[in-house]
1. Could you name every one of the strands (runs of 3 or more DSSP E) located completely within segment 25-83 that has at least 1 residues being basic (K, R) and modelled with pLDDT of 95 or more?
2. Could you identify the single residue in V383, V302 that is assigned by TED's automatic domain parsing to the domain that holds A245 and either charged (D, E, K, R) or touching a residue at least 40 places away in the same chain (Cβ under 8 Å) (or both)?
3. Only one of these is of a type outside the set (K, R) and under 23 Å from L215 (Cβ atoms): G394, G370. Name it.
4. Are any residues in segment 90-108 surrounded by 19 or more Cβ atoms within 10 Å (Cβ to Cβ) and either at pLDDT below 95 or over 30 Å from L43 (Cα atoms) (or both), and if so, which ones?
5. Search segment 261-290 for residues being assigned to a strand (DSSP E or B) and out of contact with any helix residue (DSSP H, G or I) (no Cβ under 8 Å at 6 or more places or on another chain), and hand back the single one that is farthest from K242 (Cα to Cα).
6. In segment 194-223, how many residues are over 13 Å from E309 (Cα atoms), under 27 Å from the mean Cα position of the chain (by Cα) and either acidic (D, E) or not in a loop (DSSP other than H, G, I, E, B) (or both)?
7. If you check V384, V399, V406, which single one turns out to be β-branched (V, I, T), at pLDDT below 95 and out of contact with any Gly (no Cβ under 7 Å at 6 or more places or on another chain)?
Amino acid sequence: MISYAEARRIVAEAAAECFHATPRKHERVAIEAARGRVLAEPLHADRDAPPFDRSTRDGFAVRAADVVSIPATLKLVGEIRAGAGFSGSVQAGECVQIMTGAAVPAGADSVVMIEHTELSAAAVVVQRSVQRGANVVQRGSEAKAGAQVLPTGQRLGIADVSIAAQFGHDWLPMFARPRVGILSTGDEIVPVEQLPGPFQIRNSNFISLAAQVALAGGMPEPLGNAADERGALRERIEEGLKCDALVLSGGVSMGKYDLVEAVLRDLGAEFRFDSVAIRPGKPAVFGLCRGKPVLGLPGNPVSTMVTFELFGIPLVDVLSGAPPRPLALVKARARHPIRLKAPLTHFLPAKLNWEEGEVRVAELSWQGSGDVAALASADCFLVVPETKLEFAAGDWVDVLPWRDRV
């Protein structure tokens, strides 16, 4: 049994093996659909940014030497709006009215804010001196033409697509999203749309896993449910191995009908780990089978969601062509005492709130790893490490925000 941090490292390294053994396809994606996708090639600036000396304030373009002694009266010789130019040059004793974002005219080296001036007829009285370069962003100071502005492997966020647009990249070279097969197992599982019998449950794990895969940047591929029978399970697993990765829920514990590991071994799987020191989710398994990563998750819904958050996210990240995102642990003060016994790292459904300028977290009442209703009320997991299982109210504790809630 290994720590969850070691398991995450193993998953990321194995995914990198698979990614480099069979490089992902490239595709061109319209910039409007590129957020969340991963660049397959670097992007470069097609011109300087800014492409001219740019004013950062509404005011007057001046020569700093003309306003050393104040008040200073300057002759107003023109006006420049954003998007327009100025054909002349600012001479000694002159100024030009300028708007935010406009190009600073030749001859001027600074901008005096309008708040520090008085306008009178064709003259401007400057009440405050400025240093050379004040309120001006120099041409090329943000990026030079030809410079790399986004690297290969960058997962594009809002600012990234804005940068791409600024430099004219309306179609972007992206890695194809990895296809992640999702297979549930168990005789008791029926499709969501079906009325279950008295001892059956609906396949909510497929729905939650598909949502997590899509949120991570992958493409969920439904493989249905396999009964607890070797032949049926083998057939579905072989179908899943046509995808870039396979995620299974259920069938990985020690019960008589937990057959996932046995069938994977029959198919030649090489397991990298078969249990992790966490609760919920201890029976999680991971390995490679026919060159494809296979992640086997416990079937209880909370266990499934926790283990995918821990191990599925780095798997999808690396197969997408990006580095694995670090686990986004933050600190909060415990609202209540915490006392646990099992020497495992615990992930407890919890709720964050803000009190007196501090973030506080409280564990929710829940009935174990099958209680998805409790998780639906949570916005985070309270993380209790195996090295410290007791905390007093008010102690700082680790919190893992629930990815689509905070």
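1. 26-30, 72-80
2. Details: V383 fails: assigned by TED's automatic domain parsing to the domain that holds A245.
Residue meeting the stated conditions: V302.
3. On the way: G394 fails: under 23 Å from L215 (Cβ atoms).
Criteria check complete, one pass: G370.
4. Of segment 90-108, the ones surrounded by 19 or more Cβ atoms within 10 Å (Cβ to Cβ) are 90, 94-98, 102-105, 108.
Those that are surrounded by 19 or more Cβ atoms within 10 Å (Cβ to Cβ) and either at pLDDT below 95 or over 30 Å from L43 (Cα atoms) (or both): V90, E94, C95, V96, Q97, I98, P105, A108.
5. Going through segment 261-290, the residues assigned to a strand (DSSP E or B) turn out to be 270-273, 276, 278-279, 285-289.
Filter once more, so that each one left must be out of contact with any helix residue (DSSP H, G or I) (no Cβ under 8 Å at 6 or more places or on another chain): 270, 279.
Numbers: E270: 17, R279: 31 Å.
Checked segment 261-290; the qualifying residue farthest from K242 (Cα to Cα) is R279.
6. Qualifying residue count for the region: 9.
7. None of the other options fit; the residue is V406.
Per-residue answers, yes or no, for (1) touching a helix residue (DSSP H, G or I) at 6+ places or on another chain (Cβ under 6 Å); (2) at pLDDT 95 or above; (3) surrounded by fewer than 16 Cβ atoms within 10 Å (Cβ to Cβ); (4) in the same structural domain as K388 (by TED's automatic domain parsing):
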{"residue": "P314", "(1), (2), (3), (4)": "yes, yes, no, no"}
{"residue": "L344", "(1), (2), (3), (4)": "no, yes, no, yes"}
{"residue": "W354", "(1), (2), (3), (4)": "no, no, yes, yes"}
{"residue": "G357", "(1), (2), (3), (4)": "no, no, yes, yes"}
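The values are calculated or read from the model by the stated rules, or taken from the named source; none is laboratory data. This one's a predicted model, so the numbers in the text were calculated from it and none came from an experiment. Note that each Cβ is placed from the backbone with ideal geometry, even for glycine, and that neighbours are counted across all protein chains shown.
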